[in-house]
Amino acid sequence: MSITNHPDPATLISFAAGTLSEPLAAVVAAHAAMCSCCRREIADMELVGAALLLQHSLSAQPARSGAAKPLRGRVARPGPGAAHAVARDRLPSPIARAYGLTFATIPWKRLGPGVLHHRLPLSPGTEGDLRLLKIAAGRRMPEHGHGGSELTLVLDGAYSDETGTYRSGDMQDVDESIEHTPVADQNAGCICLIASDRPARFKGIMARLVQPWTGI
Ligand SMILES: [Zn+2]
């Protein structure tokens, strides 16, 4: 698998520190299950974090309660066998384990013509949105912006937008400064895992996705 688009370094650092929001962390964990490069980077960052914590404790200061918190929520970090599990099933093992799903058992619901989705539940009280999205071949999405951070991981097929083409394993890491018009691959379509840390804005995006078809 040739992965050319990875999370921003700042996103990886937040993930390694345990401070990334639950839906965004779920997508990074899924990407890491598919990407040995990011698994190594996360491990290195965790070593640096551990060294800093050790240095901090040796300075006789009380450890900060918020430091090095474990990843919150349902989705755990990918284990050693994660990449193999992805190769068999195409659904990254952190997502498969957390939600008891396989690629073949995703309970898709229709969102609009050529678009299916399945929303993944988050821990109670957690803000944000995490869902699987299946887009038919050649389907063009309306241009949209973002209220906060949005992470998209391609699980199967591909899509393109103004910034490039994203294939299986690739992640697009965008913030509110980005507006784009994704188009699913003309032959394979696209199945992706997408997360936002701003639920209201994401609902807005979903509304924009279906607006041309529903007329709302
Ligand atoms: Zn990566």
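The values are calculated or read from the model by the stated rules, or taken from the named source; none is laboratory data. Everything quoted here is computed from the prediction, not taken from an experiment. Ideal geometry is used to build each Cβ from the backbone, glycine not excepted, and the neighbour counts take in all protein chains shown. To get the accessible areas, we keep the full protein, side chains included, count just its heavy atoms, and leave off ligands, DNA and RNA. Shrake-Rupley method; radii C 1.70, N 1.55, O 1.52, S 1.80 Å.
General remarks:
To keep it simple, each residue is scored yes or no on (1) on the phi < 0 side of the Ramachandran plot; (2) at pLDDT below 95; (3) assigned to a strand (DSSP E or B); (4) of a type in the set (Asp, Glu).
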position	(1), (2), (3), (4)
LEU122	yes, yes, no, no
THR126	yes, yes, no, no
GLY148	yes, yes, no, no
LEU151	yes, yes, yes, no
ALA158	yes, no, yes, no
THR165	yes, no, yes, no
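- Taken together, the residues in the range 12-27 that are at pLDDT below 95, aliphatic (A, V, I, L, M), within 14 Å of the ligand (Cβ to nearest atom) and closer than 16 Å to THR152 by Cα amount to 1.
Residue-by-condition table, conditions (1) at pLDDT 55 or above; (2) open to solvent by less than 80 Å² (accessible area, probe 1.4 Å):
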{"site": "MET1", "(1), (2)": "yes, no"}
{"site": "ALA10", "(1), (2)": "yes, yes"}
{"site": "CYS35", "(1), (2)": "yes, yes"}
{"site": "SER57", "(1), (2)": "yes, yes"}
{"site": "VAL86", "(1), (2)": "no, yes"}
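- Evaluating TYR166 against the criteria (1) within 16 Å of the ligand (Cβ to nearest atom); (2) open to solvent by less than 10 Å² (accessible area, probe 1.4 Å) leaves one unmet condition, (2).
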